[in-house]
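The values are calculated or read from the model by the stated rules, or taken from the named source; none is laboratory data. This structure is a prediction, so every number in the text was calculated from the model and none was measured. Heads up, the Cβs are rebuilt from the backbone with ideal geometry, glycines too, and the neighbour counts pull from every protein chain shown. Just the protein is used for accessible areas: all its heavy atoms, side chains included, with ligands, DNA and RNA removed. Shrake-Rupley method; radii C 1.70, N 1.55, O 1.52, S 1.80 Å.
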Amino acid sequence: MKAVLGIDVGGTSIKAGLFTPEGELLEERKIPTPALVDDAAYDAVTGGLAKMLSAHDAAPTDVIACGLDIPGPVAEDGTVGFLPNIQLDPEGLVGALSSAFPNATIAFVNDANAAALGEMWAGVAKEVSSYVLIALGTGVGGGIIVNGKLVAGAFGAGGEIGHITVNRDEKLTCGCGRHGCLEQYASAKGVVRLYLEECERRGVTPVHVEHATDTLSVFRALAGGDECARLAVHQMCDYLAQAMAQISCVADPAMYLIGGGVAGAFATFAPELRELFSAYALPTCKDVRIEAASLGNQAAMYGCAYEALRLRGVSEK
């Protein structure tokens, strides 16, 4: 059989998916790993992958494509940029994978870009050629697809939607070192911050919030009629709609997909987001679809596998 691998690269483990070339997920497996910087770590990866293949009567030589999604920028030529949250030697890992799977095309993809590609391969964007995925999680990421192709950018910053400036008056510094980025308001951390700040401004006691990214408690408060929660979610939607209106003036997508952990409450805030986008958007862009992403936390795994398969097809032409 021909096999395709999609690998979510994390700090203490990888999540690997075994796919058919047609996009059917045969198995998903978590493989614990040390920092991916030496032979012992590479052996843990390749050994775990080989066991997964064996369970499906496949050999390492059957793997024709292997994609890896990582939490960092990947330039158009596949060069991996700065990786602040994981220890990874990209060249060393590629060398180990190439040795273990000699017939495979290897590809690195930014995790948010990979999620966008996954939705095109096996998700809600299957029949859509131009769309933007916005991942609202701990931060805000994105993936831009134009005419069926990923826009990675010359330096890997294509899709860094979370760092569109939406509030020039913001005093707090974003993680990127600038001020007023979308990520400061539309991420899970941003929504919780907006809620707690509104409670403090009004002198009211907030609902109990478990941690800095506990949007579940904020949306529960909203459902219970909490005015501070309503204003926080409104502000999130307002800044997000502003950013989307700007993106539409550049990429003009047919659809926006909202993913990430915050998207668990998409049905709650979608009507307001659509209304605000319509108010901000260029008239010709107002009819864009705004939907929830469909593949959840498997999207990036699908997407990096698809990108490696695509690159193989390009190289064979």
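At-a-glance table
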read-out	value
The stretch 8-102: translational diffusion in µm²/s, Stokes-Einstein, Kirkwood Rh over Cα pairs, 37 °C, 0.692 mPa s	236
Range of Cα positions in the chain per principal axis (Å), largest first	63, 42, 33
Under Karplus coefficients 6.51, -1.76 and 1.60, residue-wise ³J(HN,Hα) of the stretch 294-303 in Hz, glycine/proline x	10, 9, x, 7, 8, 4, 5, 5, 4, x
Accessible solvent surface per residue of the stretch 61-132, calculated while the other protein chains remain in place, 1.4 angstrom probe, Å²	38
Hz values of 3J(HN,Hα) by residue in the stretch 245-252 - Karplus curve (6.51, -1.76, 1.60), Gly and Pro given as x	5, 5, 4, 4, 6, 9, 9, 6
Computed lengthening from Lys126 to Ser54, 0.36 nm per intervening residue step minus Cα-Cα distance	22.9 nm
Anchor Lys126: lysines whose Cα lies under 18 Å away (excluding residues fewer than 8 positions away in-chain)	Lys149
In the stretch 103-177, chymotrypsin sites (Phe, Trp or Tyr not before Pro) in a DSSP loop with at most 16 other beta-carbon atoms within 10 Å	Phe155
The stretch 184-256-the stretch 41-108 distance, computed between alpha-carbon centres (Å)	37
Heavy atoms of Tyr302 accessible to a 1.4 Å probe, total area in Å² rounded to 10	30
Efficiency of FRET from Cβ geometry, Ala254 and Ser294, R₀ 22 Å, rounded to 0.05	0.85
Sorted peptide list for 52-65, 259-272, criterion being average Cβ within 10 angstrom, highest first	259-272, 52-65
Anisotropy class of the stretch 1-160 from Cα gyration tensor, a/c 1.5 cut	oblate
Largest to smallest principal axis extent of the C-alpha atoms in the stretch 203-317, angstrom	65, 37, 19
Carbon + sulfur, % of accessible area of the stretch 1-57 - ligands and nucleic acids excluded, 1.4 Å	50
Those trypsin sites (Lys or Arg not before Pro) in the stretch 168-228 that DSSP places in a loop and that have at most 15 other beta carbons within 10 Å	Arg168, Lys171, Arg178
Whether the stretch 250-315 is rounded, prolate or oblate, judged on the alpha carbon gyration tensor where a/c under 1.5 counts as rounded	oblate
Accessible area of the stretch 131-288 belonging to carbon and sulfur atoms, whole % at 1.4 Å probe	52
Ellipsoid equivalent to the stretch 87-192 - semi-axes via the Cα gyration tensor, in Å	30, 19, 12
The stretch 1-99: GluC sites (Glu not before Pro) falling in loop per DSSP and having at most 15 other Cβ within 10 Å	Glu22, Glu24, Glu76
